[in-house]
Amino acid sequence: MDTNTRNLLIAAAVVIALCIISLLCSSCFGVFSPKPAPPAKFCTPASSRECTCGDGSKGTQVCNVDGTAYGNCQNCKPIPICTPGVERSCLTKCPDGSFQTQVCNVDGASYSVCSCKGTLCIPGQQKACTCSDGTSGVQICNSAGSAYDACKCLPVPPPPTKCTAGQTRDCACPNGVTGKQTCKSDGSDYGPCDCPAPAPTTVTKLYGIGTTSGDLYSRVDPNADWTIVQSYRAGDPHINSINKIGNTYVGTFSLATNIPANADNAYEQTNYVYTKGTIGGAWNGPKKILNNPKSFFAGPDGDIYSIDQDDGCLYSSKCLSGPWVMVPGMCDMYDIIANPSGNGFIGVKKDGLVYTKASKNASDSWVKTSDDCCVTQIAYGNGLYFGLGSAPKFGGAIYTKKSLTDKWSDSPLNNSKGIRYITTITEPV
C-alpha cells in the first residue's frame, strides 16, 4: 500500500467515527434531533385558587390538565356593599312626610328602589296576571307601592277573514243540486250550505163527483177550479166513488144507465168494483166484491176497508178479492177514513157529527170531536179536513177545518157545490 492510499483510508475512518459520535450526541446531516425536556409543572391539574376579577370582585381559576398554568378567573362574585336585609333611608319622602327606605338585596351587592314602609309592592315592579279571555297580562306596582294597577291585557286580534260578510257562493248539496253558502258576519268563514228543498215527488189532490153531471173532478188548490178527470157518457156505468189502494185505483160504479138525482139515491143502487193502474188508464171490471160496497180505503194497519151499503157496517180484508170480515162496533156510519195521524179511524155517524176511534177493537168506543153539524163525508189532505155538507149546511158543498175540534168553515169552498162524493188521493207529480 502506497502512502496516498493509506492516508485516504485513515481520513475515511476519521470521518465515519465523527459521524457516529455526531449521531449519538445531536444529529448528523440534519436527520435526527434530541428529545426536549418536559415542561416543569406549575400546579396540580383541576386544582383551583382564588383570583381577582376585572371588576375587583373575587373569583376562582382552575389549573389546566397538564398542570402548567391556571385558567381564566371565573365565577366572579359582586363585592358586597351592604348586609342583606339592612335598610337605609332615601332622600325622597312618603306622603305621610317620612323618608322612603331601601333594603339591601339578598346578594348584598345592591339596594332595592326607594319605597315607603309597609307598602304592598315595589313601585314599578311587574307581575303576571290572567285576562278575562284566558290570556296573560301584566300588573304594575303603583308609584306609592300601595297596590298593583289593574291587569293590562293586550287586545285579542280579530280572526283572519276569509270572505266579506254577507257574501254568497255556490256549494254542492247531498242530492246533487246547487245550494248557497253565506259568509258569516265576522268574515271568518262561510256558513253551512243552504240547500233548496227537493222538488216534491207526490201531490195530494181533492177528488169530487158531480151530482148532476156524474163527472169525476180533481184539484190541488182547494179553492181552484175543478179539472175534469173523467166525463160521464150516457149509457156508461156511472162512478160513485174512487180511492187508491197501494198502486191501484179502486172505484165503485153503478151499472144503472141513469144518473141519480142526489147522493142518497146514488148509494141506494148496487155498486160494482172497477180497478186501474193509473188515473188516466182504462177501468177494468166490473167485479162483484162484498154485497154493495160504498167505497174503499187503506187502513192504518195495512188492511183494506169498505162500508157495505146494505147493512151499513165496515168490513176489512187483506186483499181486495177477500175474504171480507165485518169489524165489530163499526156499523151505522155515513163514512169512515183512516186517521191521518196513523192511529185509528175518523168517522161520520148518521147524526152528521165527526167521531174518532183509536182502533178497530170493539173495546174502543167512538169519541165525538165537535158538536158542529152537519156533514155526510170526510176527507183529509194538505193540512185540511174536508166535509161534504148536509142540512142545515148547504147540501153537496165542501166545507173545511184545520183540526177535528174546530168548527166547519162558515162558507163552502169556491166552486164546490153540486158534489155528491169527495176523497183525497196522493199521486206522483
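Points to keep in mind about this one:
- Test for Ser146: is it among the polar types (S, T, N, Q), outside the structural domain of Asp194 (by TED's automatic domain parsing) and exposed (fewer than 11 other Cβ atoms within 10 Å of the Cβ): no
- In summary, Asp372 fulfils each of the numbered conditions (1) within 22 Å of Gly396 (Cβ to Cβ); (2) out of contact with any Gly (no Cβ under 7 Å at 6 or more places or on another chain); (3) buried (at least 19 other Cβ atoms within 10 Å of the Cβ) with the single exception of condition (3).
- Qualifying positions in region 372-384 - part of a loop (DSSP other than H, G, I, E, B) and more than 47 Å from the chain's Cα centre (by Cα): Cys373, Cys374
- Residues satisfying the stated conditions in region 278-307, i.e. among the β-branched types (Val, Ile, Thr) and modelled with pLDDT of 90 or more: Thr278, Ile279, Ile304, Ile307
- Of all residues in region 315-336, those satisfying the criterion of being buried (at least 18 other Cβ atoms within 10 Å of the Cβ) and either closer than 16 Å to Ser370 by Cβ or free of Cβ contacts under 8 Å to residues at least 12 places away in the same chain (or both) are Tyr334, Asp335.
- Residues that are exposed (fewer than 11 other Cβ atoms within 10 Å of the Cβ) and β-branched (Val, Ile, Thr) within region 186-210 comprise Thr201, Thr202, listed in sequence order.
- Test result for Asp310, modelled with pLDDT under 95, under 25 Å from Ser390 (Cα atoms), out of contact with any Gly (no Cβ under 7 Å at 6 or more places or on another chain) and not in a strand (DSSP E or B): yes
- Odd one out for Cys19, checked against (1) within 30 Å of Ser146 (Cβ to Cβ); (2) at pLDDT below 75; (3) hydrophobic (A, V, I, L, M, F, W, C); (4) in contact with a Cys (Cβ under 7 Å, 6 or more places away or on another chain): (1)
- When residues of region 34-81 are limited to those that are basic (Lys, Arg) and assigned to a strand (DSSP E or B), the one modelled with the lowest pLDDT: Lys77
- Subset of region 353-365 [modelled with pLDDT under 95, out of contact with any Gly (no Cβ under 6 Å at 6 or more places or on another chain) and closer than 23 Å to Thr423 by Cβ]: Lys360
- In region 298-309, the residues that are free of Cβ contacts under 8 Å to residues at least 60 places away in the same chain form Cβ pairs under 6 Å with partners that are small (Gly, Ala, Ser), at six or more places apart or across chains, as follows: Pro300/Ala338; Pro300/Gly342; Asp303/Ser316; Ile304/Ser317; Tyr305/Gly299; Tyr305/Ser316.
- Among (1) closer than 21 Å to Ser241 by Cα; (2) part of a loop (DSSP other than H, G, I, E, B); (3) without any contact (Cβ under 8 Å) to a residue 40 or more places away in the chain; (4) among the small types (Gly, Ala, Ser), the one test that Gly387 misses: (2)
- Here region 170-185 is the region considered, the condition is being surrounded by 12 or more Cβ atoms within 10 Å (Cβ to Cβ) and of a type outside the set (S, T, N, Q), and the residue that is farthest from Ala199 (Cα to Cα) is Lys184.
- From the list Asp194, Asp186, the lone residue that is of a type in the set (D, E, K, R) and farther than 28 Å from Asp133 by Cβ is Asp194.
- Residue count for region 179-209, restricted to those that are of a type outside the set (Val, Ile, Thr) and part of a loop (DSSP other than H, G, I, E, B): 15.
- The set of residues from region 287-299 being surrounded by fewer than 17 Cβ atoms within 10 Å (Cβ to Cβ) and more than 11 Å from Leu320 (Cα to Cα) comprises just one member, Asn291.
- Residues located in region 82-104, provided they are in contact with a Ser or Thr (Cβ under 6 Å, 6 or more places away or on another chain) and either modelled with pLDDT under 80 or part of a loop (DSSP other than H, G, I, E, B) (or both): Val103
The values are calculated or read from the model by the stated rules, or taken from the named source; none is laboratory data. If you're wondering where the values come from, they're calculated on a predicted model, not measured in any experiment. Every residue, glycine among them, receives a Cβ derived from its backbone with ideal geometry; neighbour counts consider all protein chains shown.
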